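Before any comments, here is the structure.
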Amino acid sequence: MQRKVAGISKQLAGVISQWDGVDAVLLGETAEIGTLDPYFSISLDVYQRGNLPSASDRKIQFLNPVGFSTTFFTQEDRFLMMDLPVRIRYQDIARFDQLLQRIDDQLWAFHESGTTSFYRLQNGQVLHSKSGWLGEAQKRLARLPDHFWKVVGEESLKGVSNALSDLNTAVFRNDRLFTLLSSAAFCYSICSFLFALNKRFEPPGRRLYEKVTSLPLQPDEFKGRFESFLREDPELPAERKREIAELLAKSVTAMQ
């Protein structure tokens, strides 16, 4: 990691760690790629209890960075610091504890949450940890019951089937917008199933293709077919991509 990136990350973590209720601060993987890469960002996950300082107070404590914006419902700040993009997500510890307990009790439903938030908690670089909560949460994630992965896999396969049905009708109607939307849903459901099959959490979207095509358990010819489905090529019209989608769907269903 570049010295500039490390310095900004530590500076922000130093400010955030002083707030009441903040238990842990993790740095995401996108900070490890080159700063000239469009996917680069200094992405922090802040795990906290209780109330945060107001948005205006946070902005002041971050030294009034350029382009500061915040979202209320997702509790996220974005801004530029020393010309580098920063994204800070504020995560409620009580929500994580509740989700983990529901998983233990076999009451967790796939629609409640995807697994990307678990991926970030499991794989982030620790910049601050005040108590034993983070370590305990990571241990619980490492030993999730088979029921959890079974639910994710089954619901993802339903998503594959539904998206393929939508794709078939969209191509038949020559509805370009719905073809695009159903194709996106199909790709996500395929990926979600394969991560569940491998008992791994889904990475953020920017790393989804890289991670899914390198999974140890995947259908024969998956990478080639997946690349063909994604590729924009006059020799691969919508009808041909629909046929490729059917082959992909059959191949992952056979692995259930």
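The values are calculated or read from the model by the stated rules, or taken from the named source; none is laboratory data. Only a predicted model underlies this, so the values are computations on that prediction, with no experimental measurement involved. Virtual Cβ from ideal backbone geometry, glycine too; neighbours counted across all protein chains shown.
Things worth noting here:
- Pair list, Cβ under 6 Å, 6 or more apart: segment 32-59 residue in contact (Cβ under 8 Å) with a residue 24 or more places away in the chain, other residue of a type in the set (Gly, Ala, Ser) and part of a strand (DSSP E or B): TYR47/ALA24
- Among the residues making up segment 148-182, those that are farther than 19 Å from VAL252 by Cα and surrounded by fewer than 18 Cβ atoms within 10 Å (Cβ to Cβ) are THR169, PHE172, ARG173, ASN174, ASP175, ARG176, LEU177, PHE178, LEU180, LEU181.
Residue by residue, here is whether (1) under 23 Å from PHE178 (Cβ atoms); (2) outside any helix (DSSP H, G or I) holds:
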{"residue": "ARG207", "(1), (2)": "no, no"}
{"residue": "LYS211", "(1), (2)": "no, no"}
{"residue": "PHE226", "(1), (2)": "yes, no"}
{"residue": "PRO234", "(1), (2)": "yes, yes"}
{"residue": "ARG242", "(1), (2)": "yes, no"}
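- Within segment 134-147, being farther than 30 Å from GLY14 by Cα and either surrounded by fewer than 16 Cβ atoms within 10 Å (Cβ to Cβ) or of a type in the set (Ser, Thr, Tyr) (or both) holds for ARG143, PRO145, ASP146, HIS147.
- Neighbours by Cβ (under 9 Å, 6+ apart or cross-chain): first from segment 234-251, without any contact (Cβ under 8 Å) to a residue 12 or more places away in the chain; second hydroxyl-bearing (Ser, Thr, Tyr): LEU236/SER228; ARG240/SER228
- Selected residue [in contact (Cβ under 8 Å) with a residue 60 or more places away in the chain and either more than 20 Å from the chain's Cα centre (by Cα) or in a helix (DSSP H, G or I) (or both)] from ARG120, ARG102: ARG120
- Here SER56, SER131 are screened, and the one residue that is assigned to a loop (DSSP other than H, G, I, E, B), exposed (fewer than 15 other Cβ atoms within 10 Å of the Cβ) and not charged (D, E, K, R) is SER131.
- Lone unmet requirement of (1) assigned by TED's automatic domain parsing to the domain that holds PHE195; (2) touching a strand residue (DSSP E or B) at 6+ places or on another chain (Cβ under 8 Å) for GLY159: (2)
- Some residue of segment 125-141 being under 21 Å from ALA254 (Cα atoms) and within 22 Å of the chain's Cα centre (by Cα): no
- Selection count where residues are at pLDDT below 90 and out of contact with any helix residue (DSSP H, G or I) (no Cβ under 8 Å at 6 or more places or on another chain), scope segment 106-121: 1
- The set of residues in segment 1-43 that are closer than 23 Å to GLN138 by Cβ and either among the basic types (Lys, Arg) or assigned to a helix (DSSP H, G or I) (or both) comprises ALA6, SER9, LYS10, LEU12, ALA13, GLY14, ILE16, GLU29, THR30, ALA31, GLU32.
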